[in-house]
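Engineer: The structure that follows is given in the form of structure tokens.
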Protein chains: 4
Amino acid sequence: MDSFFYKVVFYKKNKEMEPVVVDVKHRVQYYETDKMGYVHNSNYFRFFEIGRTEFMRTYGVEYSAMEKEGVMMPLIEQHARYHTPALYDELITIRTIVEKMPMSRIHFEYRILKTDDNGKEILVCEGWNELCFIDEKTRKPLRCPLWVQEKLEKVLPVK
Amino acid sequence: MDSFFYKVVFYKKNKEMEPVVVDVKHRVQYYETDKMGYVHNSNYFRFFEIGRTEFMRTYGVEYSAMEKEGVMMPLIEQHARYHTPALYDELITIRTIVEKMPMSRIHFEYRILKTDDNGKEILVCEGWNELCFIDEKTRKPLRCPLWVQEKLEKVLPVK
Amino acid sequence: MDSFFYKVVFYKKNKEMEPVVVDVKHRVQYYETDKMGYVHNSNYFRFFEIGRTEFMRTYGVEYSAMEKEGVMMPLIEQHARYHTPALYDELITIRTIVEKMPMSRIHFEYRILKTDDNGKEILVCEGWNELCFIDEKTRKPLRCPLWVQEKLEKVLPVK
Amino acid sequence: MDSFFYKVVFYKKNKEMEPVVVDVKHRVQYYETDKMGYVHNSNYFRFFEIGRTEFMRTYGVEYSAMEKEGVMMPLIEQHARYHTPALYDELITIRTIVEKMPMSRIHFEYRILKTDDNGKEILVCEGWNELCFIDEKTRKPLRCPLWVQEKLEKVLPVK
């Protein structure tokens, strides 16, 4: 029996300008469904949040540590395109992709995937969003903190 | 056509030790349902929150004003008993009842109601919860702020 | 004292190709905020849902009635751009705009607005989404039901 | 680096009338917090749902399989008592405890726990709830399905 409820599968570390990808498994909960029997459309944006948090943790950046330093990351814009509904209790993959180093903004791409009975990957939803950095006190824009840049530089292609 | 989406119906002002009651109408949203087609059980606690906020506003106490003064009201305990499911798009009543003046804690009772085709009231869910007052900075317990007591004293039976 | 918690303000009925607009007032709830003190980004998509439901109800189309006939409206795509955060207890306006008659899809535009201390409108968030019509049983695409078309034709510009 | 985001730790199998316990780890998400910086009170009931689903899966009962057979499990009653707030990004344990075989109802107990800097367990929240079994079509009460009883009998004390 598989004793791991959720796990992070680590993808290729970046070499030669390839985007960096992190996968997180998530089990669809009953409270995430709606009366259509599908995951409610708003919840995919919550899955994106799980994805980017684990992406950053994977490369040594805990968002909670950033907030303790007084840096917050509000959302500027986001988008989702729905392909196939995810259903209750399905084990989905939240795939987060970053293509370049953040400066004053960071851009994440997402793919929500599930597998059919033959183990073939099915695209559930794709999306992206863009976040900025702000000072917790003044709520004014900031550049990406240096220590975060240093952590991400090791893996992200500097374009 | 009824142009009012939601409204507060004011119940009897307190006279001679009667509990004080405030009703709020709420339209059940799609995102509040689950795949059973019912309002998800956790959302009733959110309805309770709508109810107590409007209860307090009705008697001159804005929770947001209290927070601006550095007083927060975390939950200590809560309970719900489910009778009949509320369904998508139904117009429910969130009834909030307070029986006595808060000192270091405040106790709210709730009834979630809907009406059948003949206009008869049906009990959907009943519950209660208890909140305390804490200092935003120290996160230590406080007594109910004086100005809040003064507002509520005018309507609540002092037992 | 204003006894109306939420209300729908009816905008201009359609004349000569103008888009049709419906406003709904919504009070930001505590459970809609996150630790940044802002409405969580995912909740704006729930506000969009409140908006389009009331838009359709305003013109005689209850989404719940459509579902009872076996027609469901899943989301295909959606987008949000965040301008200014909405905060706890603020009274926001959910403005829903439709520009043309739905055939196999329906496209909604949204503006989330609040007012500053001088009563001037502030743009909180703007977005759009597109929904299709499917058969509840087969889950296959359908055209917009005739009775819905007839209701909307009376107000929407037929381009 | 710990590559496991979430995992289920299996507790003692039942011997001599002891209650059966299953633990699930859950990382507190940003969208689960409110402006107080705490996990919103309503979300604990969602954690309870994660807990009981994994409890049942651990002993061979997938709730989704039960639903496919036309048996649903709505909530009858629930309770939570809050001790210490869980904060953003904390790794909490959702402990689910069942003391006896379900017949027409099933009673779950929960403890939400976190650990302090010395690894000592802290009680965040404790609660319980009771669910019944209903027929999906008629929505009438049922007894616990036989195959579910057989699975649970192997581990649960038959009192």
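The values are calculated or read from the model by the stated rules, or taken from the named source; none is laboratory data. As the structure is a prediction and not an experimental result, all values here were calculated from the model. All Cβ positions, even for glycine, are placed from backbone atoms using ideal geometry, and neighbour counts span all protein chains on display. Surface areas here come from the heavy atoms of the whole protein model, side chains and all, with no ligands, DNA or RNA. Shrake-Rupley method; radii C 1.70, N 1.55, O 1.52, S 1.80 Å.
Engineer: Counting only residues that are modelled with pLDDT of 95 or more and within 8 Å of another protein chain (Cβ to nearest Cβ), which one in the stretch B:2-26 is most open to solvent (accessible area, probe 1.4 Å)?
Structural biologist: B:Lys25
Engineer: Now for a different question. Looking at B:Arg139, is it on the phi > 0 side of the Ramachandran plot and open to solvent by 50 Å² or more (accessible area, probe 1.4 Å)?
Structural biologist: Yes; evaluated as a whole, the condition is true for this residue.
Yes/no per residue for (1) open to solvent by 80 Å² or more (accessible area, probe 1.4 Å); (2) among the charged types (D, E, K, R); (3) under 23 Å from C:Ile50 (Cα atoms):
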| position | (1), (2), (3) |
| --- | --- |
| C:Gly119 | no, no, no |
| C:Val124 | no, no, yes |
| C:Trp128 | no, no, yes |
| C:Asp135 | no, yes, yes |
| C:Lys154 | yes, yes, yes |
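Engineer: Kindly check whether there is at least one residue in the stretch C:125-146 that is free of Cβ contacts under 8 Å to residues at least 24 places away in the same chain and more than 24 Å from B:Lys35 (Cα to Cα).
Structural biologist: yes
Engineer: Got a number for residues in the stretch C:86-100 being more than 30 Å from B:Val61 (Cα to Cα) and either open to solvent by 20 Å² or more (accessible area, probe 1.4 Å) or in contact with a Pro (Cβ under 6 Å, 6 or more places away or on another chain) (or both)?
Structural biologist: The number of residues fulfilling the criteria is 3.
Engineer: Name the residues in the stretch D:66-97 that are more than 18 Å from B:Asn41 (Cα to Cα) and facing chain A (nearest Cβ under 9 Å), would you?
Structural biologist: D:Leu87, D:Tyr88, D:Asp89, D:Glu90
Engineer: Turning to a different aspect of this structure: Name every residue in the stretch D:75-85 that is in a strand (DSSP E or B) and either open to solvent by 40 Å² or more (accessible area, probe 1.4 Å) or out of contact with any helix residue (DSSP H, G or I) (no Cβ under 9 Å at 6 or more places or on another chain) (or both), in order of residue number.
Structural biologist: Listed by number, the residues that qualify are D:Ile76, D:Glu77, D:His79, D:Arg81.
Engineer: Condition test on A:Ile97, is it part of a strand (DSSP E or B) and either within 18 Å of A:Val124 (Cα to Cα) or touching a strand residue (DSSP E or B) at 6+ places or on another chain (Cβ under 8 Å) (or both)?
Structural biologist: So A:Ile97 passes the test.
Engineer: While we're here: Could you check the stretch B:47-74 and list, in sequence order, the residues that are open to solvent by less than 20 Å² (accessible area, probe 1.4 Å) and among the hydrophobic types (A, V, I, L, M, F, W, C)?
Structural biologist: The answer is B:Phe47, B:Phe48, B:Ile50, B:Phe55, B:Met56, B:Val61, B:Met66, B:Val71, B:Met72, B:Met73.
Engineer: Being under 26 Å from C:Pro141 (Cα atoms), surrounded by fewer than 17 Cβ atoms within 10 Å (Cβ to Cβ) and modelled with pLDDT of 95 or more: is that true of A:Lys114 here?
Structural biologist: No.
Engineer: Filter the stretch A:44-56 for residues that are of a type outside the set (Gly, Ala, Ser) and more than 9 Å from chain D (Cβ to nearest Cβ); which is farthest from the chain's Cα centre (by Cα)?
Structural biologist: If we take residues in the stretch A:44-56 being of a type outside the set (Gly, Ala, Ser) and more than 9 Å from chain D (Cβ to nearest Cβ), then A:Tyr44 is farthest from the chain's Cα centre (by Cα).
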